[in-house]
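Please treat every number below as a calculation from the coordinates, not as lab data. Here the structure is a predicted model, which means the values were calculated and not measured. Quick reminder, even Gly has a Cβ in these numbers, built from the backbone with ideal geometry, and neighbours come from all protein chains shown.
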Amino acid sequence: MPVINRIADFASDMKEWRQHLHAHPELLFETHETSAFVVERLKEFGVDEVATGIGRTGVVGVIKGQGEGPMIGLRADMDALPIQEVRDLPYKSKVDGKMHACGHDGHTTMLLGAARYLAETRNFAGSVALIFQPAEEGGGGGREMVEDGMMERFGIGRVFGMHNWPGLPLGKIEMTPGPTMAAADTFDIVIKGFGAHAAYPHDSVDPIVVGMAVGQAMQSIVARNVDPIDTAVVSITKFIAGTAHNVIAEEALLAGTVRTLREETRQDIAKKIKALAEGVAAAHGASAEVDYRFGYPVTINDPQEAAFAARVAEKLVGAENVDSERAAEMGAEDFSYMLQKVPGAYVFVGQGDTAGLHHPEYDFNDEAAPIGASLYARLVEEAQPVAR
Ligand code: NI
């Protein structure tokens, strides 16, 4: 089993924590009970310092190792999703319309497991900061913790995070050198035309026809403006207009998301959407107002830190179970903000054959928790070995 023996010893405790967290999901920054649970456990483990209220409900625990040395950060997210759980698990969500459908209950548990082990053994130099963040799912909890000065306050020099991955077999660990998850932006385009009776279209400027032309033109962005070797997604996910069969509308709304792996491509696409929407609308005698909002930036692994994480993972689970050249994902992650401040890496941990992330049948695989906890712990011990 690719697990530290001492962590395997208390795997049943970890399972209890995880299932307790699963039954009590909290959204965004409202992770009050979850944060309190984390604080209680950290104190129980004898962690040297526990700081709360960082990024509103974020928690940072500090464990001092042996002697002087750097501060390494380990990060887990704590928040759940506004999804109704459908499976009748014994530890099913007790809150209607909320569930841990992304496994952040498991991530919190993995980091708690590592905290317990590291506080007991302290077989590392310097210190470790255990970062428990709220609001990963769209709230920017990672950004708020960084903006609160967390990296400077604790002197964190490098940072590692993990996500469970359904479909990746249990015991497998993967990472990508460089960009690993996409930037996620959103846009709303309001097309303003001129309404009329549907039998008299010549009296109108039909915003639906204009909207179709704008949407069609936007399909050329990825196909004709983005380097084929680069990767981007432009998805229009809403097209809303009209009220009746015999009325030409005044306005149409197009909305959607843009995913990119390079900042330059991201900026280019933002400009291109505005230019196309305004230009195509003007050509039809209509106008377009584009509201482009930059969301989470690209999550960029430092290639050396990704390679370091791969070596640590190989020692833990064997080289045959590690892929250090994993392809990037077009999903997004607000761990990106921590990686903008200090070098580090984001790692994917096999969760086995379960329902997908954000699916109402998803449930974190408790077997993955001791593996993740062992990896967190070994990252610290290998990054900051005790001087002999
Ligand atoms: Ni997630």
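Key figures for this structure:
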{"read-out": "Helical mean residue ellipticity (222 nm; -39500 (n - 2.57) per DSSP H run of 4+; nearest 500) of the chain", "value": "-11000 deg cm²/dmol"}
{"read-out": "Rule-of-thumb Rg ratio for the chain [Cα; 2.2 N^0.38 Å; N residues]", "value": "1.12"}
{"read-out": "Of all DSSP beta bridges in the chain, antiparallel share, percent nearest 5", "value": "65"}
{"read-out": "Of Ala307, Ile240, Gln340, farthest towards positive along the dipole that unit charges on Lys, Arg, Asp, Glu beta carbons give the stretch 235-388", "value": "Gln340"}
{"read-out": "Diffusion constant of the stretch 295-388 at 10 °C, which comes from Stokes-Einstein with the Kirkwood Cα-pair radius and 1.306 mPa s, µm²/s", "value": "106"}
{"read-out": "Computed magnitude of the charge dipole of the stretch 1-50 (debye, nearest 20; Cβ of K, R +1, Cβ of D, E -1)", "value": "240"}
{"read-out": "Alpha-carbon Rg with Dmax, taken over the stretch 8-167, Å", "value": "15.3, 50"}
{"read-out": "Per-bin percent of Cα-Cα distances, the stretch 232-388 [5 Å]", "value": "1, 7, 11, 13, 14, 13, 10, 8, 7, 5, 4, 3, 2, 1, 0, 0, 0"}
{"read-out": "Percentage, to the nearest whole number, of Cα pairs in the stretch 345-388 over 14 Å apart", "value": "61"}
{"read-out": "Assigned charges on the beta-carbon of Lys, Arg, Asp, Glu; the chain dipole about Cα centre (debye)", "value": "560"}
{"read-out": "Cα Rg, Dmax (largest Cα-Cα span) when computed across the stretch 1-49, Å", "value": "12.9, 36"}
{"read-out": "Projected label distance in nm at His197 and Val247, using a 7 Å step from Cα toward the beta-carbon", "value": "1.5"}
{"read-out": "The chain: most fluctuating residue of His245, His32, His100 per GNM, C-alpha cutoff 10 Å", "value": "His245"}
{"read-out": "Ranked list, fewest to most other Cβ atoms within 10 Å of each Cβ, for Arg262, Arg18", "value": "Arg262, Arg18"}
{"read-out": "Flagged links, alpha-carbon separation over 25 Å, of Lys238/Lys272; Lys64/Lys94; Lys43/Lys315", "value": "Lys64/Lys94; Lys43/Lys315"}
{"read-out": "Axial C-alpha extent at least 15 Å, average Kyte-Doolittle at least 1.0 - helices from the chain (DSSP)", "value": "207-220"}
{"read-out": "Residues Arg378, Arg224, sorted so that the one with the fewest Cβ neighbours within 10 Å comes first", "value": "Arg224, Arg378"}
{"read-out": "Rg/Rg_ref, the stretch 128-263, where Rg_ref = 2.2 N^0.38 Å and atoms are Cα", "value": "1.58"}
